[in-house]
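Chemist: Starting off with a structure, shown below.
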Amino acid sequence: GAKRIMIVLPAALRKQWEVELNEKFNLSPIILDRFTVEHDYYLYKQKLEQSKDVQIVITSYDYSSKLARRFPRVKWDFYIIDEAHNLRNVFHGTKRAKNLYEISKGIPKILLTATPIQNSLTDLHGLISYIDPRIFGEEKVFETRYIKNGNYDELKEEISPVIYRTLRRDVNKYMHFSKRECRTIDFTLSAN
């Protein structure tokens, strides 16, 4: 039932998402960035604020909070955040992670990532806080409860309602993956 959907991702993935949504689902999203919005501001203002049709907007991490501030009357129904691991340090990291966290508060969202945890379980705290900060509460409580005490079974139980992990073997039945082959090739650099 969502009418206003914002897809937030690294800028380099915007066109890929547009093409795949169109080809695979027959959806027509629009890519919005600073140049596009400034060029046709009133067109997009009317389209986003007044249209009764579903609007899927694709934008970059960096522009997402500016877009929300540029069109404050747009009530976003749903956020999709791709490559979400880039935002895992929401409370200690980049300004863009904090800005996206603030503008998406209280709005249902899905975070997509292949690498949710890279070096620390506190990464998990940051990502889960995007979905609902009440799940783990304050970071110090999370650290004491799960990291210092090593309470991993309880941690798994707490996150099970909000995390769904799909492995390649789970989708092999209906998705084709190219077989990867590693080769080592020796070479010598020339002077030129």
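The values are calculated or read from the model by the stated rules, or taken from the named source; none is laboratory data. Everything numeric in this text was worked out from a predicted model, so none of it was measured. Positions of Cβ are backbone-derived with ideal geometry, glycine not excepted, and every protein chain shown enters the neighbour counts. These accessible areas exclude ligands, DNA and RNA; they are computed on the full protein's heavy atoms, side chains included. Shrake-Rupley method; radii C 1.70, N 1.55, O 1.52, S 1.80 Å.
Chemist: Per residue, how much space in cubic angstrom lies within the convex hull of the C-alpha atoms of the chain? If you can, show how the numbers build up before the last one.
Modeler: Details: hull volume 42.4 nm³, N = 192.
Per-residue hull volume (Cα only) is 221 Å³.
Chemist: Using a 7 Å offset from Cα along Cα-Cβ at Ile117, what residues in the range 155-182 end up with backbone N under 18 Å from the label point?
Modeler: Taking a point 7 Å out along Cα→Cβ of Ile117, the residues of the range 155-182 whose backbone N falls under 18 Å are 155-167.
Chemist: Is there a quick way to get the dipole size of the chain? I mean about its Cα centre, with the Cβ of Lys and Arg at +1 and of Asp and Glu at -1; what is the value in debye to the nearest 20? All intermediate terms of the calculation are to be shown ahead of the outcome.
Modeler: Numbers: 32 positive and 25 negative charges, 80 e Å.
Its charge dipole is roughly 380 debye.
Chemist: Starting from the Cα-Cα distance between Asn172 and Asn149, subtract it from 0.36 nm times their residue separation and give me the gain in nm to one decimal.
Modeler: Working: separation 23, 0.36 × 23 = 8.28 nm, distance 3.74 nm.
Between Asn172 and Asn149, full extension yields 4.5 nm more.
Chemist: Moving on. Sort Asp82, Asp77 by accessible area with a 1.4 Å probe, largest first. List each step's numbers first, then the result.
Modeler: Values: Asp82 20, Asp77 60 Å².
Heavy-atom accessible area, descending, gives Asp77, Asp82.
Chemist: Something else now. Suppose each label sits 7 Å from its Cα in the direction of the beta carbon; what would the Ile163-Ile107 distance come out to in nanometres?
Modeler: For Ile163 paired with Ile107, the spin-label model returns 2.5 nm.
Chemist: Follow-up question, since we're still on this one. Among the listed pairs Lys3/Lys66; Lys105/Lys173; Lys109/Lys156, which are separated by more than 27 Å between their Cα atoms?
Modeler: Working: Lys3/Lys66 20 Å; Lys105/Lys173 37 Å; Lys109/Lys156 20 Å.
In this structure, Lys105/Lys173 lie more than 27 Å apart at Cα.
Chemist: Okay, moving on. Full extension from Glu139 to Gln50: what is 0.36 nm times the residue separation minus their Cα-Cα distance, to one decimal in nm?
Modeler: Stretched fully, the Glu139-Gln50 segment lengthens by 28.0 nm.
Chemist: Between Tyr41 and Ala12, what is the label-point separation in nm under the 7 Å Cα-to-beta-carbon projection?
Modeler: Label-label distance for Ala12 and Tyr41, simple model: 3.2 nm.
Chemist: In nanometres, what is the gap between the two model label sites at Lys95 and Ile30, each 7 Å from Cα along Cα-to-Cβ?
Modeler: A separation of 2.7 nm, rounded to one decimal place.
Chemist: Now a separate question. Among the trypsin sites (Lys or Arg not before Pro) within the range 48-135, which fall in a DSSP loop and have no more than 12 other Cβ atoms within 10 Å of their own Cβ? Could you put the intermediate results ahead of the total?
Modeler: Working: sites: Lys52, Lys66, Arg69, Arg70, Arg73, Lys75, Arg88, Lys95, Arg96, Lys98, Lys105, Lys109, Arg134; in loops: Lys52, Arg73, Lys75, Arg88, Lys105, Arg134.
Listed in order of number, the matching sites are Lys52, Arg73, Lys75, Lys105, Arg134.
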